[in-house]
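**Student:** This is the structure I want to talk about, given as structure tokens.
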Amino acid sequence: MSNKFLFIAFLFVVKNSVAQELDGKVNWLTFEEAQKKNKETQKPFLIDIYTDWCGWCKHMMKTTYSNEGLAGYINTNFYPIKFNAETKDTIEYNGTIYKPFSPEPKTPHELAVKFLGTSLSYPSTMFITNNFEFNLLSQGYLEDKKLEPLLIFMVENAWRSSVYDEFGKHFNNTFYDTAFPKAPVKFYSLSEVEILQKKKPKKVLVNISAEFCNTCKVQDKTTYLDTSIANYINKNFYLVNLKATDDTIVFKNEKYSRVLANNFPVNMLALKFTANRFSFPALCLLDEQFNAIDVLNFYQSPERLKPILTFIASNKYKTQKFDEFMQEYLKTKTTSASSPKKK
């Protein structure tokens with residue numbers, strides 16, 4: 001090989017190395033490209049907010065965004081946007097035009113201020129739903145373990161039913177710091193519950209999950225094993241774990257098979273229990289005769305689930321609206337917490 005071709009090959013390697021340092025392995029888009037793609041196929045947005053002088057921004061590209069697994073997940077499930085907070089470009093975002101405040105270097109862009117407010121810290125990562133309904137801001141360098149739960153929180157719609165601080169803590173307890181206080185919870189099969197209902201009737205919780213669902217794992221490993229939740233369920237409910245993708249399930253002498261729902265294979269019993277209000281995970285609340293009381297869609301933290309279970313087990317749902325019950329519930333908790341303990 002001639003020296004000329006060796007030099008060209010060397011330049012190609014250097015160029016690729018510099019590109020990975022600048023961009024990692026994420027297929028970054030502009031605001032215009034991402035919003036155009038979102039009109040065709042909806043996905044959440046991930047916006048990396050950086051500056052040219054930010055060392056931790058560059059480090060995050062070389063480490064976190066160079067992780068093949070994380071980059072692949074982002075490329076598949078998000079529209080990732082790389083946004084220089086000090087760009088001099090005019091940007092259209094969600095129907096509004098944003099411009100730089102000044103032509104001077106190191107001055108923030110209007111859109112950066114919209115996202116970050118007065119806390120202009122870099123790197124910052126903004127997560128936004130496909131319809132711009134909800135956004136979540138994380139500031140500072142994110143290593144792999146810090147970014148993972150944020151991605152899952154957005155993609156699996158845990159934001160609809162939980163706050164991130166709770167979810168992030170329980171995600172960490174599920175996959176990393178597993179030595180947290182927990183109690184055993186009893187799971188039953190549907191056939192076992194059918195027999196038990198004739199002897200000792202209780203309300204029924206049907207937990208519908210799937211192997212690929214990460215929020216299902218978090219709910220199974222932390223919510224149901226939370227000490228106060230597990231003990232309360234064991235006393236007041238029969239808890240059934242139903243795999244939504246099971247081929248055949250028998251319930252009340254009737255066979256339920258797997259069908260395609262939105263191009264996804266799901267057992268018809270899961271659709272029946274949720275009245276077609278289906279999600280991963282879904283928790284169906286049934287009375288002693290297996291009649292539907294309600295369906296809780298998406299991830300449920302123990303903090304959120306405990307008052308709901310109390311509302312159902314106490315039969316308050318028959319006479320009271322949940323908002324009214326919650327006012328009483330929170331007032332009782334506040335009074336109990338402020339009362340002096342007897343010695």
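The values are calculated or read from the model by the stated rules, or taken from the named source; none is laboratory data. In this text the structure is predicted, and so the values were computed from the model without any measurement. Every residue, glycine among them, receives a Cβ derived from its backbone with ideal geometry; neighbour counts consider all protein chains shown.
**Student:** Can you pull out the residues in segment 156-167 that are within 23 Å of residue 60 (Cβ to Cβ) and surrounded by fewer than 19 Cβ atoms within 10 Å (Cβ to Cβ)?
**Tutor:** Residues satisfying the conditions are 164, 165.
**Student:** Quick check on my filter: what residues within segment 232-248 are modelled with pLDDT of 95 or more and either among the aliphatic types (A, V, I, L, M) or in a helix (DSSP H, G or I) (or both)?
**Tutor:** Once the filter is applied, which keeps residues that are modelled with pLDDT of 95 or more and either among the aliphatic types (A, V, I, L, M) or in a helix (DSSP H, G or I) (or both), segment 232-248 yields 232, 233, 234, 235, 236, 239, 240, 242.
**Student:** Further question: One residue is enough: does segment 72-80 have a residue meeting the conditions within 22 Å of the chain's Cα centre (by Cα) and farther than 23 Å from residue 25 by Cβ?
**Tutor:** no
**Student:** Restricting to segment 313-335, and then to whatever is more than 28 Å from the chain's Cα centre (by Cα) and not in a helix (DSSP H, G or I), can you tell me which residue is nearest to residue 235 (Cα to Cα)?
**Tutor:** 314
**Student:** Okay, moving on. Against the condition in the same structural domain as residue 229 (by TED's automatic domain parsing) and at pLDDT 95 or above, how does residue 281 come out, does it pass?
**Tutor:** yes
**Student:** Within segment 144-231, considering only helices (runs of 4 or more DSSP H) that don't extend past its boundaries, which have at least 2 residues that are within 21 Å of residue 251 (Cβ to Cβ), modelled with pLDDT of 95 or more and in contact with a Gly (Cβ under 8 Å, 6 or more places away or on another chain)?
**Tutor:** It comes to none.
Table: residues versus (1) modelled with pLDDT of 95 or more; (2) surrounded by 18 or more Cβ atoms within 10 Å (Cβ to Cβ); (3) in a helix (DSSP H, G or I); (4) not assigned by TED's automatic domain parsing to the domain that holds residue 95.
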position	(1), (2), (3), (4)
10	no, no, yes, no
14	no, no, yes, no
35	yes, yes, yes, no
42	yes, no, no, no
46	yes, yes, no, no
49	yes, yes, no, no
53	yes, no, no, no
58	yes, no, yes, no
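**Student:** Within 14 Å of the chain's Cα centre (by Cα) and assigned to a helix (DSSP H, G or I): does that describe residue 136?
**Tutor:** no
**Student:** Something else now. List every residue pair whose Cβ atoms sit under 6 Å apart, with the two residues 6 or more apart in sequence or on different chains, where the first one lies in segment 292-308 and is more than 15 Å from residue 168 (Cβ to Cβ) and modelled with pLDDT of 95 or more and the second, anywhere, is part of a strand (DSSP E or B) and of a type outside the set (A, V, I, L, M).
**Tutor:** 295/284
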